1. If you take the residues in the stretch 338-348 that are in a helix (DSSP H, G or I) and open to solvent by 10 Å² or more (accessible area, probe 1.4 Å), which one is nearest to ILE264 (Cα to Cα)?
2. Name the single residue, out of those in the stretch 165-206 being farther than 22 Å from SER117 by Cβ and of a type in the set (Asp, Glu), that is nearest to the chain's Cα centre (by Cα).
3. May I ask you to list the residues in the stretch 275-313 that are assigned to a helix (DSSP H, G or I) and open to solvent by 10 Å² or more (accessible area, probe 1.4 Å)?
4. Here's a check for you: in the stretch 253-263, which residue that is open to solvent by 30 Å² or more (accessible area, probe 1.4 Å) and either of a type in the set (D, E, K, R) or in contact with a Pro (Cβ under 7 Å, 6 or more places away or on another chain) (or both) is nearest to TYR213 (Cα to Cα)?
5. Residues of the stretch 108-128 being of a type in the set (A, V, I, L, M) and assigned to a helix (DSSP H, G or I), which ones?
6. Output the qualifying pairs, or none if there are none: Cβ atoms under 7 angstrom, residues six or more apart or on different chains, first residue in the stretch 43-65 and under 21 Å from GLN76 (Cα atoms) and assigned to a strand (DSSP E or B), second residue of a type in the set (Asp, Glu) and at pLDDT 95 or above.
7. Being under 22 Å from the mean Cα position of the chain (by Cα), in contact (Cβ under 8 Å) with a residue 12 or more places away in the chain and within 28 Å of GLN298 (Cα to Cα): is that true of PRO455 here?
8. For a quick check of your reading of the model, give me the residue pairs whose first member lies in the stretch 97-111 and is touching a residue at least 24 places away in the same chain (Cβ under 8 Å), whose second is acidic (Asp, Glu), with beta-carbon atoms closer than 9 Å and at least 6 apart or on different chains.
Amino acid sequence: MTIVHRPSSLSSSASGEPLEPASRACRHGPARQIRPWAGAPGTAGTVAVIGAGQTGLTLAAQYASHGWSVVVVDLQQPLVEAINAGDSQPGEEPGLAELIREAHTSGRLRATTDASSIAAEVDVIVLAVPVALDDEEQPDYRHVDAAIAAIGPGVTAGSTVIFETATPVGDTRGRFVPRLEAASGLSAEADLLVAFSPERLYSGAALQSLAKYPKLVGGIGPRSGERAAQFYASVIDADVVLMSSAEAAELSKLADTTYRDVNIALANEFARYADRIGLDVEEVIAAANSQPNSHIHQPGLGVGGRSIPVYPHFLLARAPEMELVEMSRRVNDGQVGLAIKAIQKALGGLEDVPVLVLGLTYREGVKELAYSRALPLIERLAFHGAQVAAYDPLLSAEEVERCCATAYRWGDGGPFQAIVTQTADPTFRTIDFSAFPSLTVLYDGRNSLRDVPLPAGVTYRGVGIPSRAL
């Protein structure tokens, strides 16, 4: 809740891993409702959150819990009705459903499909509508442009519009502001305040993220930046970092996520080399990270989710000269192909071979399929003739069938000659491998089963882990 211009730097643990910041306890007192809201400490106004996905609902619940009146805007009528009944449909985030119910009961949270009318009634508008990638891996602005067109006619003088949508550098000023000005008839920074503030929510711990990670914000001008920072200081328990510009805040988000993509690609390159010369890459990485300036991540089947595989392309859309970024994307996306080759080699081919894939979501514990490496994995296995079944503890059999593969019932045996783990869900450590009499190879895509006993004759293959056959 303190506004600063530089975040505090994090220290490192003895193993070299950066230490997690501690959660900040809420120190906000009861807020005094005021209209129009002008940023005074201890006051709260009305905020509209555009987009009722997991990010938007988490933000809405957080704002309401700090005394703001919140209106969630979404085009999906069933979702709007659920929110107006005090229900949180994306219920995987711990604590979110309870906050939604509390906010609804207190009268501080409601939802609507009418963006234009609501825009005229609120002090702050936060857009949590994603920019995705199109088929050519270029930014796809359809959803955010539609949201701007919807709110624009209703935006009034004095309003603050904040984009929490990760975007290529320069888009807040160069793309979004002109559209807002054209739709509203207002002049940005004079009549209308506009800022960018990247969401920094970790799936599965989103509410905790808001109390841990500094909230970055940059305006298109000093008035916009200051007002947006005052808003976040009233609703966020962590420090608010007021950056020099919207562009600096935009690049900070892309730098954060791209760093992780590049780091994972480096780990995967180390794993490929370790495979070739028969070393254990996890032993090597642990040793390297015992020096405090080394923070090498873990190798695996690649990178999934809505951010790390996507946002590097936002950088490349404006800076194609970033060869390391482009190469890292190719390395991480190429991990699935290496897995396929390893399984083919172990089995002598995949034609008509039954294969079981464990883990379909992009990460264990998060019910989200966006850019999951399971999808190209299953597609490539099927292309080479394999008969693919799959299981994920977060998905129903119907969801597995609808997604990509024949559903496997947990606990059953089967004729599978290969089992591939795509997530590190702890459930998989309990599997009874003796129930698969034809099993020849376990390909452990996240190196999470390396110490699990296997029946005689089954070969273990990890990512950068020496093979072992019993």
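The values are calculated or read from the model by the stated rules, or taken from the named source; none is laboratory data. Just so we're clear, the structure is a prediction, and the values are computed from it rather than from any experiment. Glycine gets a Cβ as well: all are built from the backbone with ideal geometry, and neighbour counts include every protein chain shown. Each accessible area value is taken on the protein alone, full model and side chains, heavy atoms only, with ligands, DNA and RNA left out. Shrake-Rupley method; radii C 1.70, N 1.55, O 1.52, S 1.80 Å.
1. Going residue by residue through the stretch 338-348, those that are in a helix (DSSP H, G or I) are 338-347.
Going one step further and asking which of them are open to solvent by 10 Å² or more (accessible area, probe 1.4 Å), we end up with 338, 341-342, 344-347.
Numbers: LEU338: 15, LYS341: 20, ALA342: 20, GLN344: 25, LYS345: 25, ALA346: 26, LEU347: 28 Å.
That would be LEU338.
2. By that ranking, first place goes to GLU199.
3. Going through the stretch 275-313, the residues assigned to a helix (DSSP H, G or I) turn out to be 275-277, 281-288, 311-313.
Matches in the stretch 275-313: ASP275, ARG276, ILE277, GLU282, GLU283, VAL284, ALA286, ALA287, ALA288, TYR311, HIS313.
4. Filtering first and then ranking leaves ASP256.
5. Initially, the stretch 108-128 is screened for residues of a type in the set (A, V, I, L, M), giving 109, 111, 115, 118-120, 122, 124-128.
Of everything in the stretch 108-128, those that are of a type in the set (A, V, I, L, M) and assigned to a helix (DSSP H, G or I) turn out to be ALA115, ILE118, ALA119.
6. Listed pairs, sorted by first residue: VAL47/ASP123.
7. Details: under 22 Å from the mean Cα position of the chain (by Cα): no; in contact (Cβ under 8 Å) with a residue 12 or more places away in the chain: yes; within 28 Å of GLN298 (Cα to Cα): yes.
So PRO455 fails the test.
8. Short answer, once both residue conditions are applied: ILE100/ASP87; ARG108/GLU102; LEU109/GLU102; ALA111/ASP74; ALA111/GLU81.
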